[in-house]
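Step one of this worksheet: look at the structure below.
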Amino acid sequence: MEREIVRHRGWLEPGEFLDLIGAANLIPGPNSTEVALYVGLRRGGWRGLLLSGVGFISPAVLLVLGCAWATSGSAHSRRSRECFVA
């Protein structure tokens, strides 16, 4: 994240990013989500906060929903075996 946010895009200064990581370590929850939300807030205000939250969290939600759907039948169903057995 540091490479993208600081070096490539220049959205934060290196010192700001380090301060953000330090603050994120104090707050319960995943640091990457907290950093993404803060950068969204800095770049686009409340709209940016909401969009960055949706954009960052949606893929994980969709993945979990897909796994839940795939395994919603029997634990011994063919779909379950295909999803979790290599």
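Quick note: the coordinates plus some simple rules give every number you see, no bench work behind them. In this text, all values refer to a predicted model and were calculated from it rather than measured experimentally. Cβ coordinates were reconstructed from backbone atoms using ideal geometry, including for glycine residues, and neighbour counts include every protein chain displayed.
Key figures
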{"read-out": "³J(HN,Hα) computed for each position of the range 18-34 - Karplus, 6.51 cos²θ - 1.76 cosθ + 1.60, integer Hz, glycine/proline x", "value": "5, 4, 5, 5, x, 5, 5, 5, 7, 9, x, x, x, 4, 4, 5, 4"}
{"read-out": "Cα coordinate range in the range 2-84, projected on the principal axes (Å, largest first)", "value": "52, 25, 24"}
{"read-out": "Full-extension gain in nm, Glu16 to Thr71, via 0.36 nm per residue minus C-alpha separation", "value": "15.5 nm"}
{"read-out": "Added length on full extension, which subtracts the Cα-Cα distance from 0.36 nm per residue, Ile27 to Arg43", "value": "3.7 nm"}
{"read-out": "The range 2-84: relative contact order as a whole-number percent, Cα under 8 Å and 6+ apart", "value": "15"}
{"read-out": "Furthest towards positive pole of dipole, Gly29, Val61, Gly48, structure part the range 2-84, Cβ charges", "value": "Val61"}
{"read-out": "Dipole magnitude of the range 2-84 about its Cα centre (Cβ charges: Lys, Arg +1; Asp, Glu -1), debye to nearest 20", "value": "420"}
{"read-out": "Loop chymotrypsin sites (Phe, Trp or Tyr not before Pro), the range 25-63 (other Cβ atoms within 10 Å of the site Cβ: 11 or fewer; DSSP)", "value": "none"}
